[in-house]
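Colleague: Supplied in structure tokens, the structure appears directly below.
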Amino acid sequence: MLFRYYRVLLLLLIIGGATSSQAATPHQVRALLRLEPATKHFWCRYTLTIPAEAAPENIRLNLNKAFKVLSVNAPRSTQQRVAPYMYSVYQDTVQGIEVAYAPHNRQPRQITITYEGTLSSRFATEQVM
């Protein structure tokens, strides 16, 4: 049952700039999710780990604008920014979570985003809840 909640929220967080053609090792994603079915409120801690050989200097993750970003933790990053921007695929504004690293810093990247929100009726179906 937890897998269903996990799957729905992972669909809401779209990995936009964390891909690389040099990736020999897959990226790893961990998510910790808490959901209150009665209120449809959730809390999620999403951690993305990118191996050193595939680590880009700039990473952008997209999050639904209806959710509140509580924290962004990215060790060794030089800049972190959360700002709205137009995402052309959905023709809607999303929250862009941008993390930058120093050039030539080829260490693994680990980014943890903690966010919360309330599921809309589109996602808060009986099957999911």
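Colleague: Step by step: first the residues of the stretch 46-99, then only those that are under 25 Å from T118 (Cβ atoms) and in a loop (DSSP other than H, G, I, E, B), then the one that is farthest from the chain's Cα centre (by Cα). Which residue is that?
Modeller: Among those that are under 25 Å from T118 (Cβ atoms) and in a loop (DSSP other than H, G, I, E, B), it is Q91.
Colleague: Would you mind stating whether Q110 is touching a strand residue (DSSP E or B) at 6+ places or on another chain (Cβ under 9 Å), in a strand (DSSP E or B) and over 22 Å from Q28 (Cβ atoms)?
Modeller: Details: touching a strand residue (DSSP E or B) at 6+ places or on another chain (Cβ under 9 Å): yes; in a strand (DSSP E or B): yes; over 22 Å from Q28 (Cβ atoms): no.
Here the answer is no, as Q110 does not meet what is asked.
Colleague: Scan the stretch 92-109 residue by residue and report those that are polar (S, T, N, Q), surrounded by fewer than 16 Cβ atoms within 10 Å (Cβ to Cβ) and modelled with pLDDT of 85 or more. Reasoning before the result, please.
Modeller: Kept after step one, since they are polar (S, T, N, Q), are these residues of the stretch 92-109: 93, 95, 105, 107.
Retained after the next criterion (residues that are surrounded by fewer than 16 Cβ atoms within 10 Å (Cβ to Cβ)): 93, 105, 107.
Within the stretch 92-109, T93, Q107 qualify.
The values are calculated or read from the model by the stated rules, or taken from the named source; none is laboratory data. Predicted model only: the values in this text are computed from it and were never measured. Here the Cβ is made from the backbone with ideal geometry for all residues, glycine too, and neighbour counts use every protein chain on show.
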